[in-house]
Amino acid sequence: MRNIALPFGVGDIVSTPEQITANSSISSQPATVSASSELSGDTSGGRTRGGKPVWSESTAGILFGIGAYSLWGLLPLYFLALQPAGAIEIVANRVVWSLLFCALLITVLRAWRVFGAAVKDRSVFGPLALAAGLIAINWLTYTFGVTTGHAVETSLGYFINPLVSVLLGVFVLKEKLRPLQWAAVGIGFVAVGVLTFSYGQLPWIALILAFSFGLYGFVKKRVGPRVDALTSLSVETVVLAPVAAATMVVLGVSGVATLTAHGPGHFWLLLASGVITAVPLLFFGASARRLPMTTIGLLQYFAPILQFIVALAVFNETMTTARWIGFCVVWLALLVLTVDMLRAARKNSSMKKKARIAAAGGA
């Protein structure tokens, strides 16, 4: 999953499942983008109908963002429907059928030349191959967690992901944190300590999810401006597809594959994993191109909140008092981080406004 992302980090770190190709504020001119131009990364066309704007960019971005994070948040329900398939089989199918779905989209959009250019460009293909490995770890860990009774812990991973983005800013980019960011990180460490006590061990599923997704977003950010969402996802699935296909063959030969062993309904549900994997990623790419980082940062909470609710209401997972305390401490850290983010965004907006006024006066 993003997945799944997120922009609570410092500097240019954006822990998202897709690259953000426009981090600046949304243009004040509403616009409409056709489906084909949207998926291929071109947002310049179809801006008016009869000379009048027909769809606000920010409204479209918010709707795409809510759609992406809601789909990721409800993903555990899909895994529940795929039982008795295990995590390895589910991920292998996700990769193979995602590749076929992406190939279909590339054909419809006539974007094979763009895809070919990305594969031939080592500065693009190399980072995307690394990103593919990171997202494979993320998918396997997430699917394993959901299918083995640890859905609450998987939601924790995406709750603490913004804190990982902050740490990446410190240790990788050598950035200095603001006081509230330091406070949030400190509170986050306290939360991990409380949850470690509660679980009797480190919440390793949550930590692997948070760090794999944070590093995935970091790598994707580096290559993001040079490749659109569809091409990026396609290259990643191409890298993973040989291993995934071989895994499916091995599972089939060994008699443990469920793809064709549980009726047509199960078969088509597994095939649908390609669409279910690709669509929210493309939705996110559409959202990220339209919205500022602060808005994306707030929308990201849709996913872990929904995952948490599903884990309690549908999977009936247990939450002890100590775990409630740990989660509350995590939410406190995120509240502090959100306040800092909003303050920084307000300050940046004010500085830009003053700069425009100064420039206008000088002109």
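Looking at R346, R323, which one is over 20 Å from the mean Cα position of the chain (by Cα), modelled with pLDDT under 90 and basic (K, R)? Just a single option satisfies the conditions, and that option is R346.
Does F302 satisfy the criteria of being within 25 Å of S98 (Cβ to Cβ) and open to solvent by 30 Å² or more (accessible area, probe 1.4 Å)? For F302, the condition - within 25 Å of S98 (Cβ to Cβ) and open to solvent by 30 Å² or more (accessible area, probe 1.4 Å) - is met.
Identification of helices (runs of 4 or more DSSP H) wholly contained in the range 257-356 with 1 or more residues that are among the hydrophobic types (A, V, I, L, M, F, W, C) and more than 23 Å from S155 (Cβ to Cβ) yields 263-271, 273-288. Please go through the range 72-102 and pick out each residue that is open to solvent by less than 30 Å² (accessible area, probe 1.4 Å) and hydrophobic (A, V, I, L, M, F, W, C). Listed by number, the residues that qualify are W72, L75, F79, L82, A85, A87, I90, V91, A92, V95, V96, C102. The residue list F283, F308 contains one member that is open to solvent by 10 Å² or more (accessible area, probe 1.4 Å) and under 14 Å from the mean Cα position of the chain (by Cα), which is F283.
If you go through the range 56-71 and pick out every residue that is open to solvent by less than 10 Å² (accessible area, probe 1.4 Å) and of a type in the set (F, W, Y), you end up with 1.
Rundown of residues vs (1) more than 21 Å from V336 (Cα to Cα); (2) part of a helix (DSSP H, G or I); (3) open to solvent by 50 Å² or more (accessible area, probe 1.4 Å); (4) small (G, A, S), yes/no style:
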| site | (1), (2), (3), (4) |
| --- | --- |
| L163 | no, yes, no, no |
| L167 | no, yes, no, no |
| K176 | no, no, yes, no |
| W182 | no, yes, yes, no |
| G186 | no, yes, no, yes |
| V190 | no, yes, yes, no |
| A206 | no, yes, no, yes |
| L209 | yes, yes, no, no |
| F213 | yes, yes, no, no |
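If you check V249 against the conditions, is it at pLDDT 90 or above and either outside any helix (DSSP H, G or I) or under 30 Å from V119 (Cα atoms) (or both)? Considered against the rule, which asks whether it is at pLDDT 90 or above and either outside any helix (DSSP H, G or I) or under 30 Å from V119 (Cα atoms) (or both), V249 comes out as yes. Identify all residues within the range 335-360 that are exposed (fewer than 12 other Cβ atoms within 10 Å of the Cβ) and closer than 13 Å to L180 by Cβ; write none if there are none. Once the filter is applied, which keeps residues that are exposed (fewer than 12 other Cβ atoms within 10 Å of the Cβ) and closer than 13 Å to L180 by Cβ, the range 335-360 yields only K347. Please verify whether G9 is touching a helix residue (DSSP H, G or I) at 6+ places or on another chain (Cβ under 9 Å) and at pLDDT 50 or above, treating the condition exactly as stated. Judged against the criteria, G9 is not a match.
The values are calculated or read from the model by the stated rules, or taken from the named source; none is laboratory data. Note that the coordinates shown come from a computational prediction; the quantities given were computed from them, not determined experimentally. A quick note on method: Cβ atoms are made from the backbone with ideal geometry, for glycine too, and the neighbour counts reach across all protein chains shown. These accessible areas exclude ligands, DNA and RNA; they are computed on the full protein's heavy atoms, side chains included. Shrake-Rupley method; radii C 1.70, N 1.55, O 1.52, S 1.80 Å.
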